[in-house]
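The values are calculated or read from the model by the stated rules, or taken from the named source; none is laboratory data. These numbers were taken from a predicted model, which means no experiment stands behind them. All Cβ positions, even for glycine, are placed from backbone atoms using ideal geometry, and neighbour counts span all protein chains on display.
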Amino acid sequence: MLNDMIPVVANIPIAEHPNGITIVPLADAHYGSQEFNEVRWHKAIKRIYDDPHCFCVLVGDLIDNGLKNSVTNIYDATCSPREQKRWLMEELKPIAPKILAACGGNHERRTIKDADQDPLYDVMFSLNREDAYRQNIAFLSIRLVTEFNGRAKARSNFAFAITHGSGGGMYIGSSANKTERFGTYIDGIDGIITAHTHRPVSFPVSKLVFDTDCKTIKQRQFVVAVASSFLDYGGYPTHKMLTPTAHVTTEIKLTYNQDGYKEVRVLQ
C-alpha cells in the first residue's frame, strides 16, 4: 500500500476528451445496511459506465462493515462484511478503469484497527487498481495530455485532495466549515472532495497567495464538494433524532476556457 503523501497521477488524453471530463464521487453507500438504496447506487454506476467522459473517485464507507464492537447493530445487517466486500468488487469491476483515486472511510477503518485488514484496499487490489488507493487521503493529479513528437505533454494539471472526513454535526454548516478549513491548509489544489456527513454541499473558496518570486499577491480559488450518501432515512439517524439528508449525484466538471485556463465546476 502506497503512502498517503505519494500523489495519485492520472494521465488522460485530451484527444479523447476535447470538452473535458466529469468526476462523480462515490461515498457512503454503506452496503449491508438495511437503509442502502440499491436503485440510486446502480443509477450512479450506470452514469459513470455509459458516459465515456465520466470518471469517479471512491471516498470511503462503501460498505457498512459492522463489527461486534461497532455502533452499528450487526444483527440488522443484510449480509456479512465478507459478503459486502465481495459485492463491492463485483459492482466496481465494470468501471474499474474509470476509478481515478480512492481512499477509505471510518467504516473500513474498523477492521484496519481491529485486525490490520483494509477491505477497500482488498477491493482495489482485486480490480488491479491498488496504485490509485490511499488509506487516509488521496492527492490526485489529473493531467490532460497530448502527444507531441512522440512524447506526452500535459496542459495545466487539475489537483484534488480526497478524504472521507470525520466528525459530525446536525447542520450543513458544520460540515462545510470543517472541509473548507482543511482545504485552506493545502496549497495548490483546485478542489477538496469529502463525504462522511451524508449532507451534500458544494461551494467555491478563495484565498490569498503571496508570490514572493513575482512580488505579487494572487487570489487562488478552489472548490469544496461534500458527497451525499446512498442511504434512505431510517435506523441510526431516527434513533439519534437526526434530520433526513438530501440525495444528489455530485458531478465535478473539468474543462478549459477559451483562454486556455482550467475551470472546475461542481453540479449537485
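Residue 122 falls short of the stated requirement of being more than 17 Å from residue 4 (Cα to Cα) and either surrounded by 22 or more Cβ atoms within 10 Å (Cβ to Cβ) or charged (D, E, K, R) (or both).
Checking 255, 179 one by one, the residue that is touching a Gly at 6+ places or on another chain (Cβ under 8 Å), more than 28 Å from residue 52 (Cα to Cα), outside any loop (DSSP other than H, G, I, E, B) and modelled with pLDDT of 90 or more is 179 and no other. Looking across the range 225-241, just one residue is closer than 21 Å to residue 176 by Cβ, assigned to a loop (DSSP other than H, G, I, E, B) and touching a helix residue (DSSP H, G or I) at 6+ places or on another chain (Cβ under 9 Å), and that is 230.
Looking at this structure, is residue 67 in contact (Cβ under 8 Å) with a residue 60 or more places away in the chain and not acidic (Asp, Glu)? No: the conditions fail for residue 67. Only one of 101, 77 is at pLDDT 95 or above and either in contact with a strand residue (DSSP E or B) (Cβ under 9 Å, 6 or more places away or on another chain) or among the aromatic types (Phe, Trp, Tyr) (or both); which? Going through 101, 77 in turn, just one is at pLDDT 95 or above and either in contact with a strand residue (DSSP E or B) (Cβ under 9 Å, 6 or more places away or on another chain) or among the aromatic types (Phe, Trp, Tyr) (or both): 101. With respect to the conditions (1) out of contact with any Gly (no Cβ under 8 Å at 6 or more places or on another chain); (2) within 29 Å of residue 34 (Cβ to Cβ); (3) surrounded by 12 or more Cβ atoms within 10 Å (Cβ to Cβ), residue 243 lacks only one, and its number is (3). For the range 149-176, taking the residues that are modelled with pLDDT of 85 or more and hydroxyl-bearing (Ser, Thr, Tyr), the one that is nearest to residue 199 (Cα to Cα) is identified as 166.
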